[in-house]
Amino acid sequence: MKTEVILFIAAVVVVLVYTSIRSAAERKRKIRDKIQKEYQKPLERELAYDDYEALKSYFYGTVCEEENYIDDDTWDDLNMDDIFMTMNNTNSSVGREYLYSFLRKPCVSQDELDRRHKIACGFAQNEEKRIKIQEEFANLGIARKVGIYSCLKLMKEYAAESSLIHYSCFFLIALCVLAVCTIRSDIGIFIVIASVAFIVITYYKKKAQIEKYFDCVKWTVSMISVSKKLCSMRIDFLQNELDELSSYVASTKKITKNIFLLQTGQNMGGSLAEMLLDYLRILTHVDLIKFNHSVAQIQRHYREIIGMYELLGYIESCIAIAAYRNKLPEWSVPRLSHGNDYKAENLYHPLLENAVANSIHTDRCVLLTGSNASGKSTFLRSAALNALFSQTIYTSTSSEYEGDFYRIVSSMSHKDSVVEGDSYYMVEIKALKRILDMAVQSHEKLLCFLDEVLRGTNTVERIAASTQILKSFDNTRALCFAATHDIELTSLLASCYDNYHFDESFVNDDVQYSYTLHKGPAKSRNAIRLLKQMGYDKKLIDDANALTKKFEETGAWC
């Protein structure tokens, strides 16, 4: 009978071990398949609002006013939320938080851009090593509705408490044993019940108070664990980063000592041993004691932990660069130098399928004219995005790009401000004043993009004010790209702006756009034709055409 029981238990253990191993292997296979698929194909990721707000924590926690960064208005103008989603090939919160900040802080150092390029190319050329590192980042995982950088800052500000009350639990346990062994049974049972009740109530009360800080420790421990595994790999193109990471691991090893006492996510397997350890934690408060010790170590080595966070984020962001380049139909390595003209050959917008590519080379400000929907705004965004990519992911969405190390800013998509009580025009002139001030004060060369300057006011004053505002940029170190419907500006600004335009053709009154950039001012209009195409009344169309013709002949509307 004993033999049968032993064999049965042995069989159960074998099955459990086999199931556990197979489950782990299957999870690893799924992660690898997901990594390979997402590296090759366009991403289809969406983030909930809270998750997206959380990933901004590192950027907003480290940016300063004096720094060259992409402001909120420019970020929105360039549809960078959508761009970020297509580029977000990261598998951890640390990576995506750092990648977001990466894109909002254009680099002005050629050495730093060369470093990013070297690592991204290394990952592109070493698939097996890249996948192994991505698997470790996948094990690090994604935090929901919370930024890891915010967690780390929370730990720095946490007021550590004494563990004396927790150590007293050992005394109470000893008292329970003594009571059971030496005191009358009824009194002993009362002492045991009272002691256990105190221990359990105190445990859960304290655990509830520090639950969110437990998560912070969990992420810190997870980062250290992943860093150790990365440091054990030999990767030539990443060796400097891994050496630096190794120094951070050495400084923080006390945080992970006896970490099994603390339920951190590294040891949450749901096994019998883990269940028993949970009861031990409750009775002895050993995890709360370890928590206080870990917090003290995290605060003592906060600088090293932030360094580890930044280095892990940097490495995974470089993987995202390699993956994004792999999906682009065409890209080139930019040539950046102070004093360079803006030059782009076959420039296109990466969010558009079958995008029409255009080329431009200018050392002066640029004025874009053309009809509605002809491609002016898209070209502005393409040119701005190309400069931003060149100074962040060191990748140009063109066959060739040359430019300066710019500070990039735009004024393109304004709305009335209900909260501040500003009209569209007031919002617009405030934005233009901000950009003009930056052009005068900025130490870097300013690259600015303006769409339909002063569209919120009457024609006469718009043309007069627009002329003077745009002329003002010519007296600064700014390079301004501006789009307008006001053809009058092409002659008023001819001395300081290069004229380019987009045109269209008409087939049976249907408008067909080429989306091709041409030199010189626009010659055609399509606003009234579009009214006809949309089914407006024929008499309305005829009267509008007659009124236009009269103005062109006489210069007066009536």
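The values are calculated or read from the model by the stated rules, or taken from the named source; none is laboratory data. Treat the numbers as computed from the prediction; the structure is a model and nothing was measured. Heads up, the Cβs are rebuilt from the backbone with ideal geometry, glycines too, and the neighbour counts pull from every protein chain shown. Surface accessibility is based on the protein's heavy atoms, side chains included, excluding ligands, DNA and RNA. Shrake-Rupley method; radii C 1.70, N 1.55, O 1.52, S 1.80 Å.
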- prompt: Expressed as a rounded percentage, what relative contact order does the stretch 283-415 have, with Cα pairs under 8 Å and six or more residues apart?
  reply: 32
query: Could the peptides 111-120, 65-74 be put in order, highest first, of the mean number of other beta-carbon atoms found within 10 Å of their residues?
result: 111-120, 65-74
message: Give me the 1.4 Å probe accessible area per residue for the stretch 71-120, excluding ligands and nucleic acids, in Å².
response: 28
- prompt: By how many nm would the segment from GLN125 to LYS433 grow when fully extended, if each residue of separation counts as 0.36 nm and the alpha-carbon distance is taken off?
  reply: 106.2 nm
- prompt: Among the listed pairs LYS118/LYS376; LYS37/LYS257; LYS41/LYS430; LYS34/LYS145; LYS207/LYS254; LYS145/LYS327, which are separated by more than 32 Å between their Cα atoms?
  reply: LYS118/LYS376; LYS37/LYS257; LYS41/LYS430
Reachable lysines, given that their alpha-carbon falls under 21 Å from the alpha-carbon of LYS205 and they are not under 8 places away in the same chain: LYS218, LYS290
Positive dipole terminus of the stretch 390-494, leading residue within ALA494, GLN441, SER390 (C-beta point charges): GLN441
task: Return the carbon/sulfur percentage of the accessible area of the stretch 92-168, one whole number, probe 1.4 Å, all protein chains in place.
output: 50
Peptides 90-99, 152-161 ordered by average Cβ neighbours within 10 Å, highest first: 90-99, 152-161
task: Using 0.36 nm per residue of separation minus the Cα-Cα distance, give me the extension gain between MET233 and LEU540 in nm, one decimal.
output: 103.2 nm
- request: Give the distance, in whole Å, between the Cα centre of the stretch 66-135 and the Cα centre of the stretch 294-334.
  value: 8
- line: For SER410, the residues 5 or more places away or on another chain with a placed amide H closer than 5 Å to its own amide H are THR74, PHE449
- prompt: Can you give the Kirkwood hydrodynamic radius of the stretch 300-455 from its Cα pairs, in Å with one decimal?
  reply: 17.9
Given charges at beta-carbon only (K, R positive; D, E negative), |dipole| of the stretch 198-245 in Debye: 480
query: Which of the aspartates and glutamates could be linked to LYS343 by a straight reach, that is with a Cα gap under 16 Å, when you skip same-chain ones fewer than 8 residues away?
result: ASP363, GLU400, GLU402, ASP404, ASP498
query: How much area per residue is accessible in the stretch 198-257 when the probe is 1.4 Å and only protein heavy atoms are counted (Å²)?
result: 49
message: If you roll a 1.4 angstrom probe over the protein chains with everything in place, what fraction of the accessible area of the stretch 336-458 belongs to carbon and sulfur, to the nearest %?
response: 48
